[in-house]
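I have placed the structure first, in the form of structure tokens, so that the comments after it can refer back to it.
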Amino acid sequence: MLASDVTLGSILRNLRQTNGWTLKQMSAKCGIPLSTLSKVEHDRLTLTYDKLLQVSQRLGIRMSELFAENSEPERPSIMARRSIGEIQSSVRVETANYDYYYLCTELRQKRMIPVITKIRAKTPEEFGSLVRHEGEEYIYVLKGRIIVHTEFYDPVTLDEGQSIYIDAKMGHAYLAADSCDEAEVLGIMSSPDDELMQSLLSIHEEQKKLEKL
């Protein structure tokens, strides 16, 4: 299977067929309704982050396996891949301070990860520890105003239409400015590391654990 043919639906279908499960058996094992699972396998529906986490935990697989294949075929010089990103088909991750919408998730093994984020946290205390991960990160403010905190620089305020590019290994946090209840940004995370998606998902899992404390 070519990288461009790999979708969440095909990954789940291959996993089910490899284990010899019927769609009904797969539904019972992962806790996803049969009709929903059928639509996902036929690429007519995607799953939220919480549902993906549920599938990975119940089936005993890593979350990153639902976003990328482990064995990557040699890439041709021109892959001719294309994906149209829409909110309604994104993978949504909800936390107390943020809503993340991961776009173009049907494309596997990509080196850029686009995500729209709605920011509600207003103070470093609300946000918690600064985030660090592999690669580089670009943030463009779509709505509202944000304050960017980074490990080695003074905080900077960005208005709509402004952007920032950072080394993501440097601790960073994005907060909504006092003048807005919720800001919205487009972020692009990029890294030659194939584990970038897993690193981002691990950050979300830690955030959810802290919220439960």
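Here are a few things to note about the model shown:
- Sequence-ordered 3J(HN,Hα) estimates for the range 165-170 from the Karplus curve with 6.51, -1.76 and 1.60 and θ = phi - 60° stand at 10, 9, 7, 6, 6, 6 Hz, glycine and proline given as x.
- Computed from the C-beta positions of residue 42 and residue 95, the FRET efficiency with R₀ = 30 Å rounds to 0.50.
- Fraction in percent of alpha-carbon pairs per bin - 5 Å, the range 3-66: 4, 19, 33, 32, 11, 2
- By the count of other C-beta atoms within 10 Å, a proxy for reagent exposure, 115, 185 are ordered fewest to most as 115, 185.
- Loop chymotrypsin sites (Phe, Trp or Tyr not before Pro), the range 97-161 (other Cβ atoms within 10 Å of the site Cβ: 12 or fewer; DSSP): 152, 153
- Cross-link pairs exceeding 29 Å in C-alpha to C-alpha distance, out of 122/169; 110/143; 29/169; 29/118; 39/169, comprise 29/169; 29/118; 39/169.
- Using the Cβ-Cβ distance between residue 87 and residue 152 with R0 = 35 Å, the FRET efficiency computed as 1/(1 + (r/R0)^6) comes to roughly 0.55.
- Using 0.36 nm per residue and subtracting the Cα-Cα separation, the extra length available between residue 134 and residue 22 on full extension is 36.5 nm.
FYI, it's all coordinate maths here, none of it is from the lab. For clarity, every value in this text was computed on a predicted model and none was experimentally measured. Ideal geometry is used to build each Cβ from the backbone, glycine not excepted, and the neighbour counts take in all protein chains shown.
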